[in-house]
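I have placed the structure first, in the form of structure tokens, so that the comments after it can refer back to it.
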């Protein structure tokens, strides 16, 4: 089964030791303007080889693509987050299409539904989500899905779209949702909340995800794992998430590096 991103470009070779891939972060955001290079240095020292920087609004997409041009180990995605769905337009879609032609743009995202904050009307979120899914088919890129308190509509719209390549970012659903997403061809990406004390349901799901569907991420600057909770998140912190996942699955940290980095 094909990975959701252009993994031939970001996978480790068999002769190299496994490294981490942070499959979802936002280094384009202002929280990193002061020390972005230092953040990247710490990531490298912590074993993070590749970073996928995820666009969420039009300015973030523009910066994300710019970072992928500057830094060898940063790849980009482009898409409009459900919070900003009411800003979506033909002009914005044209910009997304233009960026999608670049070699280091690997997905459409982050797109989806957020019924927790409802920063954009729900009917607009659904329409823009469906439209960007069709865009992903048109330009032949996988998708990065955001879903919060909207599981039924997320899975329903995905099913209607025919999209079968992508990742459920920062997964927070239950086992049934994970199984339905994987049946549609989607990977399950796990972030810092899996380390939280009250994350029993998520921890149970993570312990059971098949190796070939598991990815890890930081969602930096958000959702710092323990023991960094409350601080700005950054790619180097992914090691704490990986340690917790290794513990839950009864495997080594190196096993988690390997199964979340190499293609099946």
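If the segment from residue 89 to residue 152 were pulled out straight at 0.36 nm per residue, it would be longer than the present Cα-Cα gap by 20.1 nm. Each peptide in 46-52, 221-227, 21-27 receives the mean, over its residues, of other Cβ atoms within 10 Å, and ordering these scores from highest gives 21-27, 46-52, 221-227. Report, in deg cm²/dmol and to the nearest 500, the calculated mean residue ellipticity at 222 nm for the chain, where each DSSP H run with n ≥ 4 adds -39500 (n - 2.57) and the sum is divided by the residue count. So the helix-based figure for the chain works out to -12000 deg cm²/dmol. Apply the a/c threshold of 1.5 to the C-alpha gyration tensor of the chain and tell me whether it is rounded, prolate or oblate. Note, shape of the chain comes out rounded.
Going from the fewest other Cβ atoms within 10 Å to the most, the residues 97, 184, 257 appear in the order 97, 184, 257. Taking the fewest neighbouring Cβ atoms within 10 Å as the starting point, the ordered list for 238, 111 is 238, 111. Ranked by how many other Cβ atoms sit within 10 Å of their own Cβ, fewest first, the residues 215, 40 fall in the order 40, 215.
Taken together, the values in this text are just the output of simple stated rules run on the coordinates, not laboratory data. Just so you know, these numbers come straight off a predicted model, no measurement behind them. FYI the Cβ positions are ideal-geometry reconstructions off the backbone, even for glycines, and counts take in every protein chain you see.
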